[in-house]
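Here is the structure we will look at, set down as structure tokens.
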Amino acid sequence: MPDLKGVFSVSSAKELVRNKFPKVERASLIWRKEIHPVLAAQNWKFLRGICATHDLIKERFKIPIASRCCLCGIEEETLDHATSGRSQMVWELWLLANLVFKSELWALRNKGVFEQKKLYWNVFLKSVLKRVKWQQPKEYFWHPRESNEILLYCDGSARGNPGRAGAGVVARDASCNVIGAMSIGLGITTNYLAELYGIIIGLEWATRWGVRRICIRSDSSSMVEALNNSCLPWFARRRWLEVCRHYNSIRFIHTYREANFAEDVMEKRLLS
């Protein structure tokens, strides 16, 4: 049969023979160019109810399964329970995402109104994803050093990698009193070299106190491992060996970035 205009086409024949199904609710929200195809395909399974949950497996294969939700450990596992607001964990995540989205959107609006900055959707999306990211809290303990040892907190970074780089160093005595702090401009270099030169310059700077024992804390695990194994770039090795002659003992400890907040501030002063 031809179409309404009297012209035969493949599309008109397809419309006659294909089976038409009702449109799935909220499908138009999934298949959009802003959403990654992998994410859209997974959520399409949620909408169609074809995920391999325990209740669907029992119904299809007619086999008994001890069904219990692995998230809450109380109710039976069903797709509706796992993805709906009746699950306490899902409800809390929805609430968190909503609050973060509104907060970041308001901050973006203020930058456009009061600072006359051009607004970019990609920057806003990345800031929202960064805020929502779940992190497991970790305990951190600081033990005072011995009386004849100085503690150096060192940190360095570069914007661009390579890019404009800087480092920060904070020196503390055995009683945790700050005895010195400095910011270092390193020109154009990489993150790795910014961490390395921050430690070397910090050691050179600490010779003024005449202490022969040094403990260095850095949030770069790769740098701590490289220094413990004496695996340094050839162009920095001579400077490193020269500064090591001033000390009888140099210890390296990896710390978390959250514990290096003071050095992070010192370092970013030169990058802002």
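The values are calculated or read from the model by the stated rules, or taken from the named source; none is laboratory data. Everything numeric here is computed off the predicted structure, so don't read it as measured data. With ideal geometry, Cβ positions are generated from the backbone for all residues, glycine too; neighbour counts draw on all protein chains shown. When the accessible area is computed, the model is the full protein with side chains, heavy atoms only, and any ligands, DNA or RNA have been set aside. Shrake-Rupley method; radii C 1.70, N 1.55, O 1.52, S 1.80 Å.
Details
- Taking other residues whose beta carbon is less than 11 angstrom from the beta carbon of Ala40, and scoring Lys, Arg as +1 and Asp, Glu as -1, yields +2.
- When each of Lys20/Lys62; Lys102/Lys126; Lys20/Lys58; Lys33/Lys118 is checked by Cα-Cα distance, pairs over 25 Å: Lys20/Lys62; Lys20/Lys58
- Relative to the current alpha-carbon distance between Gln42 and Glu115, full extension at 0.36 nm per residue lengthens the span by 22.3 nm.
- Trp234, Trp31, Trp209, reordered so the largest accessible area comes first (probe 1.4 Å): Trp234, Trp31, Trp209
- Within the full protein context, the accessible area of Ile35 is estimated at about 50 Å² for a probe radius of 1.4 Å.
- A cut-off of 5 Å between modelled amide H atoms, ignoring neighbours fewer than 5 places along the same chain, links Ser157 with Gly166.
- Whether the range 194-262 is rounded, prolate or oblate, judged on the alpha carbon gyration tensor where a/c under 1.5 counts as rounded: oblate
- Using only side-chain charges placed at the Cβ, +1 for Lys and Arg and -1 for Asp and Glu, the dipole size of the range 155-208 relative to its Cα centre rounds to 140 debye.
- In this structure, the amide hydrogen of Ile179, modeled 1.01 Å from its nitrogen in the peptide plane, lies closer than 5 angstrom to those of Ala171, Arg172, Asp173, counting only residues at least 5 positions away or on a different chain.
- Percent carbon-and-sulfur accessible area, the range 158-250, ignoring ligands, DNA and RNA, probe 1.4 Å: 49 percent
- From phi via Karplus (6.51, -1.76, 1.60), per-residue ³J(HN,Hα) for the range 41-56 in Hz, x at Gly/Pro: 5, 5, 6, 5, 5, 5, 5, 7, x, 10, 6, 7, 7, 4, 5, 6
- Overall form of the range 1-70 per C-alpha gyration tensor (a/c, 1.5; a/b vs b/c): oblate
- Stretchable slack from Glu242 to His254, in nm (0.36 nm times residue separation minus alpha-carbon distance): 2.0 nm
- Residue order for Arg238, Arg68 - accessible surface, 1.4 angstrom probe, largest first: Arg238, Arg68
- Here the Karplus relation 6.51 cos²θ - 1.76 cosθ + 1.60, evaluated at θ = phi - 60°, turns the backbone of the range 12-18 into coupling constants of 5, 5, 5, 5, 7, 9, 6 Hz, with x for every Gly and Pro.
- For Asp219, distant residues with modelled amide H under 5 Å away: Thr255
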